[in-house]
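Derivation of every value follows stated rules applied to the coordinates shown; laboratory data play no part. Since this is a predicted model, take the numbers as computed values, not measurements. Using ideal geometry, Cβ is built from the backbone for each residue, glycine included, and neighbour counts are taken over all protein chains shown.
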Amino acid sequence: MAKKAVVVNAGPRIGWNTDMLLREAEKGLIEAGAEVVRFDLFRLNQYMGCVSC
């Protein structure tokens, strides 16, 4: 039975610290045989907030 993992990114910038850390974690999960589902909250209109800082 394959393991499943959910990755939730709440950071607003693609390619910056939060995104890079989560992508590395995803790679490790995939290498370990897990099925990964990723959610980027900032792409959902209801979760949009300030992205200036």
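When Rg and the Kirkwood radius Rh are both evaluated on Cα atoms of region 4-47, their ratio Rg/Rh stands at 1.00. As a calculated quantity, the FRET efficiency between GLU35 and VAL8 at R0 = 22 Å, using C-beta atoms, amounts to about 0.90. A cut-off under 12 angstrom between Cβ atoms defines the neighbours of THR18, and their net charge, with Lys, Arg +1 and Asp, Glu -1, is -1.
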